[in-house]
Amino acid sequence: MNHVLTVEQAIDLASRALVASGAKQEVAGSVARAVVDAHARGRTNVGFEHLPYYCNALRRGAINGIAEPTVVPVKPGWMHADAHSGFTHHAFDCALDEFTSMAQHQGVAVLTIRNTYTCGELGYFPIRLARRGFAAIAVTNAGPAAVAPSGAGHPVFSTNPIAYAFPRDGRPPLVVDQSSSACTLVDVRAAKERGEPIPGDWALDRDGRLTKDPGEALQGTFKPFGGYKGSNIALLVELLAAGLGGANWSIDAPSFAEGTDCPDVGQWMMAMDIGSADDRGSGKRINAYLERIAELGAHIPGKARRTESGKPGNDGIILAAGLYDKIQSLI
């Protein structure tokens, strides 16, 4: 039987699981809100389904659940946070007010974060900024190398996602969140847990052969999307997220699935203040454009999902009995 929770009940449940696993309350709250937000928008694989991985990493010491980020301005328009092997979510929350104030004053600002565990749903961070009226973009070298770029025989990049969000008048932000690889780790891992095959063009096994077996894919390498074009995007993400922020390159990052070492990867985010712009940057103009191209049959990201960020549908936050019991066992 499914369990139906309000947002507040869901945040409390996730927070208690994180605290029981070794996170302090403030850190747990930051991560729990991100987990529930993703789940409420239909991103369940980076919602509550992802929470046990965070808890297990805390318990084995791969995440410092009590770390207090160091947040400093680097230059006008550039802030930097060191998470000290902790969560991106807490470092982002600690930097958010000063970061957005900088973006309002300068018109645009950049935030780099280093030394973090994998951040789950990358799109959560541009969404948070879009809710404050900013156009935003974020990238992360999400973990240890898993993607063999075009021409390489071994992994060099992580799945290296890129996400962006634009505010819209009277509607949830437009959000795009995608990896530069042909697949994401959470999707392959979820397929393995369900006992389902993956598409045949996603990954290679350890011998470099295409595979539909998610277990073999996890032991092998993922492919970039679009050949060298996807590789180029992955390289850009790597240079921004790890290069400018001083985090581990993906090729140097230890596993986040086992062991006691944090991958210590990074994120790069940019916020642009469009609140004081003329009609060129208005949410109303963006709405009109999206409606116009939708009438031509263009795909509009997010339409198939719950897009009212942070708010459940009429049915609330729904957790399957097995998942609910799994989380309760962590408390």
Practice task
Considering the options Leu51, Tyr124, Leu323, tell which one lies farthest towards the positive end of the dipole of the chain, charges being +1 on Lys and Arg and -1 on Asp and Glu at the Cβ, about the Cα centre.
Solution key: Tyr124
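Taking the Cα centre as origin and putting +1 on Lys and Arg beta-carbons and -1 on Asp and Glu beta-carbons, what dipole magnitude results for the chain, to the nearest 20 debye?
On the way: 31 positive and 34 negative charges, 104 e Å.
Result for the chain is approximately 500 debye, rounded to the nearest 20.
Rounding to the nearest 20 debye, state how big the charge dipole of segment 1-59 is about its Cα centre with +1 on each Lys and Arg Cβ and -1 on each Asp and Glu Cβ.
Numbers: 6 positive and 5 negative charges, 26 e Å.
Using Cβ point charges on Lys, Arg, Asp and Glu, segment 1-59 gives about 120 debye.
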Completion exercise
Amide H neighbours of Trp78 at under 5 Å, excluding residues fewer than 5 places away on the same chain, with H built from the backbone geometry, are Val110
Practice task
For n ≥ 4 DSSP H runs only, could you compute -39500 (n - 2.57) per run for the chain, divide by its residues and tell me the 222 nm figure to the nearest 500?
Solution key: -10500 deg cm²/dmol
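Just so you know, all these numbers are worked out from the coordinates, no wet-lab data involved. The structure presented is a predicted model; accordingly, all values stated were derived computationally and were not measured. Note that each Cβ is placed from the backbone with ideal geometry, even for glycine, and that neighbours are counted across all protein chains shown.
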